[in-house]
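The values are calculated or read from the model by the stated rules, or taken from the named source; none is laboratory data. This structure is a prediction, so every number in the text was calculated from the model and none was measured. Positions of Cβ are backbone-derived with ideal geometry, glycine not excepted, and every protein chain shown enters the neighbour counts. Ligands, DNA and RNA are excluded from the accessible area calculation, which covers all protein heavy atoms including side chains. Shrake-Rupley method; radii C 1.70, N 1.55, O 1.52, S 1.80 Å.
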Amino acid sequence: MIEMPVEERLAIQELTHKYSMFCDTFQLEKLMGLFTDDAVFDESPFGASVCTGKAELREYFSRGFEGLWLAHYISNGLINEYSGDEARGTCFVHAEVRLRSNNKPWQLHGYYDDHYVKIDGQWRFKNRVVIPLIKPDDQDFL
C-alpha cells in the first residue's frame, strides 16, 4: 500500500458527503454521477436490496425518493487501503428516515463499507455495502 495524498483523502470524504446531500435532497442525477456504471449498492445485511449497475440503482433510489424523507449524518471516515486509483474505506452513518405514507420513523445506525475508484480524475463508488451496528427497530417498511 502506498501513502495516500491528503487531497485524495479529502476528495473521497467529499464523495461520501455528496452522497448524503444528494440522497437527502432528492437529486437523483447528481447521485447517479457518484457511482461507476457497474456499481453495486448492497443493503442486504439489514434485509433490503442489492442493486447492480446504474439502471437498478436509478430505479431503487427513485422509489426511495418517492416514499421516504431522509437525513444522513456521516462521520468517522477512514481509508483502509489505497493504491493510486482505487481505495477502500468506511464511514459511519446515522440515517433518520420517515415514510411519506404515514410519517412512520425509522433509523439506521451503521457504517458503509466502500470500494472507491478514480475515473477521469473523479472518485466514484464502485461498491457500497451498508452494515448495521444496531439492529433497526422495525424493518416492515423495507
Do the conditions hold for Ser101, that is, is it open to solvent by 50 Å² or more (accessible area, probe 1.4 Å) and farther than 29 Å from Ala11 by Cβ?
yes
Lone unmet requirement of (1) open to solvent by 70 Å² or more (accessible area, probe 1.4 Å); (2) within 27 Å of Leu10 (Cα to Cα); (3) touching a Pro at 6+ places or on another chain (Cβ under 7 Å) for Leu108
(1)
Flagged pairs (Cβ under 9 angstrom, 6 or more apart or on separate chains; first in the stretch 20-31, surrounded by 15 or more Cβ atoms within 10 Å (Cβ to Cβ); second part of a loop (DSSP other than H, G, I, E, B) and small (Gly, Ala, Ser)) are Phe22/Gly33
Members of the stretch 90-121 that are touching a strand residue (DSSP E or B) at 6+ places or on another chain (Cβ under 8 Å) and of a type in the set (S, T, N, Q)
Thr90, Gln107
Give me the pairs, please: first residue somewhere in the stretch 32-58 and part of a helix (DSSP H, G or I) and among the β-branched types (Val, Ile, Thr), second residue anywhere and surrounded by fewer than 17 Cβ atoms within 10 Å (Cβ to Cβ) and modelled with pLDDT of 95 or more, beta-carbon distance under 9 Å, and either six or more positions apart or on two chains.
none
Go through Asn80, Asn102, Asn76 for me and flag whichever is free of Cβ contacts under 8 Å to residues at least 12 places away in the same chain and part of a strand (DSSP E or B).
Asn80
Which of (1) more than 26 Å from Asp120 (Cα to Cα); (2) touching a His at 6+ places or on another chain (Cβ under 6 Å); (3) open to solvent by 40 Å² or more (accessible area, probe 1.4 Å); (4) not hydroxyl-bearing (Ser, Thr, Tyr) is the odd one out, the single condition Arg88 does not satisfy?
(1)
Single match in Asp38, Asp24 (criterion: acidic (Asp, Glu) and more than 17 Å from His72 (Cα to Cα))
Asp38
